[in-house]
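The values are calculated or read from the model by the stated rules, or taken from the named source; none is laboratory data. Model, not experiment: these values are computed from the prediction. Cβ placement follows ideal geometry from the backbone for every residue including glycine, while neighbour counts extend to all protein chains displayed. Only protein heavy atoms, including side chains, enter the accessible area calculation; ligands, DNA and RNA are left aside. Shrake-Rupley method; radii C 1.70, N 1.55, O 1.52, S 1.80 Å.
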Amino acid sequence: MHKWFTITVLLSSPANRVAAFGDSKYFTPNRVNADTPGVQLKVPNFDVLFDQILKVSPLAKQAVFDSKPQGLGGIDKSSDEYKWKVTEHNPKRVVSEVAKIDNFQNKNVPLVRLRSSLKGPTYKAGFCFSELVSVAELRQAHDSTNAQVYQIQSAADLGEVQAFVPPQYGETVLFGVGYTKTKQSVVSPREQLTLCGLQEFPSGASILWGVELEEDQNNLMPENLRTPRATSHLFSNTVIPTSENEFDAEYCLQIDLGGFPGWLTGPVVIDAVKKCFRYAEKYFGEGHEESSQLAARLNELRAAESVNGSDALGTDPLGEWDGREIDQALLMTP
């Protein structure tokens with residue numbers, strides 16, 4: 001066992017302090033109404049955000065620009081914008097490749113990128129994958145450190161959001177603010193307040209994205225004692241169907257765990273994301289079995305879509321079909 005598994009970091013920051021975290025370059029002065037009267041949500045600068053995502057994620061670039069994206073098999077490695085260090089590569093494993101860029105954008109923590117090819121239903125695959133990190137029941141099935149994950153606010157009208165989205169970045173089907181809190185583990189408890197969304201494309205591809213909110217939205221924090229805050233500098237997960245029963249995924253994340261040594265952050269984050277993919281392999285792999293959890297979820301989504309129309313997932317993803325909330329705290333804080 002590596003020594004870092006035994007390390008616990010305790011910070012001396014005052015419990016009620018919340019510092020500035022979000023990067024202003026990702027945000028605009030624009031706001032949209034939340035589903036809570038009187039609350040408004042920040043709108044990201046989609047051009048700036050997606051310019052960065054497309055530079056680090058070849059699958060995201062396929063999702064945006066290709067009418068028939070080819071997935072991992074269609075990646076031209078010579079087109080990488082940055083120099084990546086590949087730390088693991090084995091096509092036979094669930095996570096076929098792990099790569100990183102140390103000190104990306106001088107943030108003192110690495111940007112990590114994990115790739116996987118999974119078998120299972122491809123209908124709403126990106127949407128269902130997002131629930132593995134945003135729905136508490138599913139998140140906690142693979143992430144033993146998660147204490148809370150839930151939606152604090154969501155956009156009242158996705159059409160209002162879509163008005164700010166350049167057409168090449170697809171249709172916004174989820175948009176909101178999520179809160180995540182972790183348990184004591186290798187890292188002492190952390191919390192995050194994240195603006196996140198899901199873009200879907202005509203090809204069936206999707207891009208899940210998230211950025212830490214700036215200090216001026218700290219009023220959205222739940223009313224409890226503050227813990228040290230983790231910061232996601234950049235997050236995306238791109239899903240591209242490659243056949244009727246297979247899809248590729250590329251998960252990119254740069255996160256600062258708030259006082260945790262940067263050189264230890266990479267192994268901790270990679271381990272957490274690997275656990276998510278291992279759970280996803282089983283979750284999607286059983287998706288064609290009528291008694292499986294995913295099959296039941298897909299039946300709910302299809303029923304809601306048939307009753308409410310093709311935009312049903314954007315207006316009320318669950319409708320009357322399921323009591324679970326669609327939570328949008330979409331970050332893999334270990």
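Calculated accessible area for the chain comes out at 43 Å² per residue, all protein chains present (probe 1.4 Å; ligands, DNA, RNA ignored). The order of the peptides 200-209, 78-87, 248-257, 280-289 by mean Cβ neighbours within 10 Å, most packed first, is 248-257, 200-209, 280-289, 78-87.
Considering only protein heavy atoms and a 1.4 Å probe, what is the carbon-and-sulfur percentage of the accessible area of the chain?
Carbon and sulfur together cover 48 percent of it.
Coupling constants for the range 220-225 follow from the phi torsions by the Karplus curve (6.51 cos²θ - 1.76 cosθ + 1.60, θ = phi - 60°), and in residue order they are 7, 4, x, 7, 8, 4 Hz; glycine and proline get x. Summed over all non-identical Cα pairs, the Kirkwood treatment of the range 58-143 gives a radius of 15.2 Å.
With Cα atoms defining each centre, the range 191-206 and the range 271-304 are spaced 18 Å apart in the structure. As an equivalent ellipsoid, the range 93-138 spans semi-axes of 27, 15, 9 angstrom, where each value is the square root of five times an eigenvalue of the C-alpha gyration tensor, largest first. For the range 155-249, the convex hull drawn through the C-alpha positions has a volume of 146 cubic angstrom per residue. Which whole-number percent of Cα pairs in the chain have a distance greater than 33 Å? The share of Cα pairs beyond 33 Å in the chain comes to 20 percent. Taking all C-alpha pairs of the range 93-202, those more than 22 Å from each other amount to 51 percent. Between Ala295 and Thr28, the modelled labels are 4.4 nm apart [label points 7 Å from Cα along Cα→Cβ].
Computed per residue of the chain from DSSP H runs no shorter than four, each worth -39500 (n - 2.57), the mean residue ellipticity at 222 nm is -7500 deg cm²/dmol. For the range 32-61 and the range 89-132, what is the centre-to-centre distance using only Cα atoms, to the nearest Å? With the range 32-61 and the range 89-132 each reduced to a Cα centre, they are spaced 20 Å.
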